[in-house]
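Asks: Here it is, the structure, as structure tokens.
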Amino acid sequence: MPSTVVHVALAGVVACALLGRAFSWRALLAVLGLTMLVDLDVFLGFVLVGAHRAAFHSLVFLAAIGIVLLYDRSRGDGSLLRGRFGPTAHRVGAVAVVAALFGAIGPDLMTNGANLFWPVHDQFYAFNGEMYLSDRKGFVQTFVELESEEPAQSVSRGSTQETQYHTGVDTNPDRSGEAEVQERVFPLADSGEQLLLVVTGAFVMTSRLYDEYAA
């Protein structure tokens, strides 16, 4: 599964691309902070079975943050965020939500699953598949079920009671019996592509910070 390091690298690229004039090291930390917060639902798994990849990996969670941002922005001069963090606060908040969507939830959804609509709808989904052009079959994709010779690979993985993910933090996520794994492993990069993403993200963020403060 993608590690927090991978999530942060992708979110950092999104932040550097979208923050614009709001970019600063504090703004970057705020964006990365929300991305890392999404992964902290692993700790909720100790008290609520299946909370990892559900509680904070839900689009409902990000939507709630978005609604708070919109409400605060609508208050104009009475905005708490603007008064505390300045005129760029809402842009930073919006970019943080987008970065968490694509940097935190997206990679997990594209590998072994996330509970997108928890707690409104308790179901994990894994959005797996491939897309290609063939000289015989034409355009082929297996992400969603369409009229195709290839079966869709995107599937429901079950509810929080049926689906749990073991991690280095929690090796017994179902809270019953023996731990699923005996070794605590904290992945950094599970593939060459993930390592490339981590290096690219670090380079982009470092370059943007250098440009911002070296002038």
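Asks: Go over the candidates L116, L69 one by one and state the one that is in a loop (DSSP other than H, G, I, E, B), open to solvent by less than 50 Å² (accessible area, probe 1.4 Å) and modelled with pLDDT of 95 or more.
Replies: L116
Condition check ((1) at pLDDT 90 or above; (2) charged (D, E, K, R); (3) surrounded by 15 or more Cβ atoms within 10 Å (Cβ to Cβ); (4) touching a Ser or Thr at 6+ places or on another chain (Cβ under 9 Å)) across all residues:
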residue: V144; (1), (2), (3), (4): no, no, no, yes
residue: S159; (1), (2), (3), (4): yes, no, yes, no
residue: T163; (1), (2), (3), (4): no, no, yes, no
residue: T171; (1), (2), (3), (4): no, no, yes, no
residue: E183; (1), (2), (3), (4): no, yes, no, yes
residue: L196; (1), (2), (3), (4): yes, no, no, no
residue: G201; (1), (2), (3), (4): yes, no, yes, no
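Asks: State yes or no: is F56 closer than 17 Å to L116 by Cβ, out of contact with any Phe, Trp or Tyr (no Cβ under 9 Å at 6 or more places or on another chain) and open to solvent by 30 Å² or more (accessible area, probe 1.4 Å)? Spell out how you get there, then give the answer.
Replies: Working: closer than 17 Å to L116 by Cβ: yes; out of contact with any Phe, Trp or Tyr (no Cβ under 9 Å at 6 or more places or on another chain): yes; open to solvent by 30 Å² or more (accessible area, probe 1.4 Å): yes.
Criteria met by F56.
Asks: Next question, about the same structure. Out of segment 44-70, which residues are within 20 Å of A99 (Cα to Cα) and of a type in the set (F, W, Y)?
Replies: F56, F61
Asks: Taking the stated definitions as given, is L28 assigned to a helix (DSSP H, G or I) and within 15 Å of L101 (Cβ to Cβ)?
Replies: no
Asks: Of all residues in segment 161-215, how many are in a loop (DSSP other than H, G, I, E, B) and polar (S, T, N, Q)?
Replies: 9
Asks: Checking the conditions here, which among F23, F102 is of a type in the set (F, W, Y), open to solvent by 20 Å² or more (accessible area, probe 1.4 Å) and in contact (Cβ under 8 Å) with a residue 60 or more places away in the chain? Give the derivation first.
Replies: Numbers: F23 fails: open to solvent by 20 Å² or more (accessible area, probe 1.4 Å).
The match here is F102.
Asks: Restricting to segment 43-53, what's the tally of residues that are open to solvent by 10 Å² or more (accessible area, probe 1.4 Å), under 17 Å from the mean Cα position of the chain (by Cα) and touching a residue at least 60 places away in the same chain (Cβ under 8 Å)?
Replies: Residues in segment 43-53 being open to solvent by 10 Å² or more (accessible area, probe 1.4 Å), under 17 Å from the mean Cα position of the chain (by Cα) and touching a residue at least 60 places away in the same chain (Cβ under 8 Å): 2 in total.
Asks: What number of residues within segment 119-133 are surrounded by fewer than 16 Cβ atoms within 10 Å (Cβ to Cβ) and assigned to a loop (DSSP other than H, G, I, E, B)?
Replies: 4
Asks: Right, next: Conditions: (1) open to solvent by 40 Å² or more (accessible area, probe 1.4 Å); (2) assigned to a loop (DSSP other than H, G, I, E, B). R91 meets all but one. Number of the miss?
Replies: (2)
The values are calculated or read from the model by the stated rules, or taken from the named source; none is laboratory data. Note that the structure is predicted; figures quoted are calculated from it, not measured. Heads up, the Cβs are rebuilt from the backbone with ideal geometry, glycines too, and the neighbour counts pull from every protein chain shown. To get the accessible areas, we keep the full protein, side chains included, count just its heavy atoms, and leave off ligands, DNA and RNA. Shrake-Rupley method; radii C 1.70, N 1.55, O 1.52, S 1.80 Å.
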